[in-house]
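Take a look at the structure set out below.
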Amino acid sequence: MFPELDMSLTLIAKRLGVARVTLSRLLNERQAMSPSMALRLEKAGIGTAELWLGIQLQRNLWLASQEDLPAIEPIVPPAPPPT
């Protein structure tokens with residue numbers, strides 16, 4: 001139930017044209033926001049697609065920043081100091 005909307009997850013999923021399990025996975029952070037879902041939310045009047053995809057991008061970058069990366073060497077040599 002979404003108390004702010006006074007609607008059940010099932011009803012919101014139906015109105016968005018998605019399966020209840022799809023919406024549940026998204027809300028429980030088991031599935032990423034897709035462009036299609038972002039557009040559906042925008043058409044339903046819940047933010048903009050750009051907002052939703054921006055939030056997803058920020059989460060993706062944060063998750064990636066938590067991973068241990070191997071040592072990375074520069075591809076382009078540093079610029080010479082100004083003379």
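Nothing in this text is a laboratory measurement; each read-out follows from the coordinates by a stated rule. This is a predicted model, so every value here is computed, not measured. Ideal geometry is used to build each Cβ from the backbone, glycine not excepted, and the neighbour counts take in all protein chains shown.
Computed packing ranks the peptides 36-42, 62-68, 16-22 as 36-42, 16-22, 62-68, most packed first, by mean other Cβ atoms within 10 Å.
Dividing the Cα radius of gyration by the Kirkwood radius, what Rg/Rh value follows for the stretch 9-54? Intermediate results must be reported in sequence, preceding the final value.
Working: Rg = 9.8 Å, Rh = 10.5 Å.
Radius of gyration over Kirkwood radius for the stretch 9-54 works out to 0.93.
Expressed as a fraction of 2.2 N^0.38 Å, the C-alpha radius of gyration for the chain is 1.67.
Once whole DSSP H runs in the chain are found, which of them have Cα atoms spread over 18 Å or more along the helix axis and a mean Kyte-Doolittle score of at least -0.5? For the chain, where a helix must reach 18 Å along its axis and average at least -0.5, the hits are 49-65. Averaging the sequence gap over all C-alpha pairs within less than 8 Å and six or more residues apart, then dividing by the number of residues, gives the chain a relative contact order of 15 percent. With the helix formula -39500 (n - 2.57) applied to DSSP H stretches of n ≥ 4, the chain reaches a computed 222 nm mean residue ellipticity of -15000 deg cm²/dmol.
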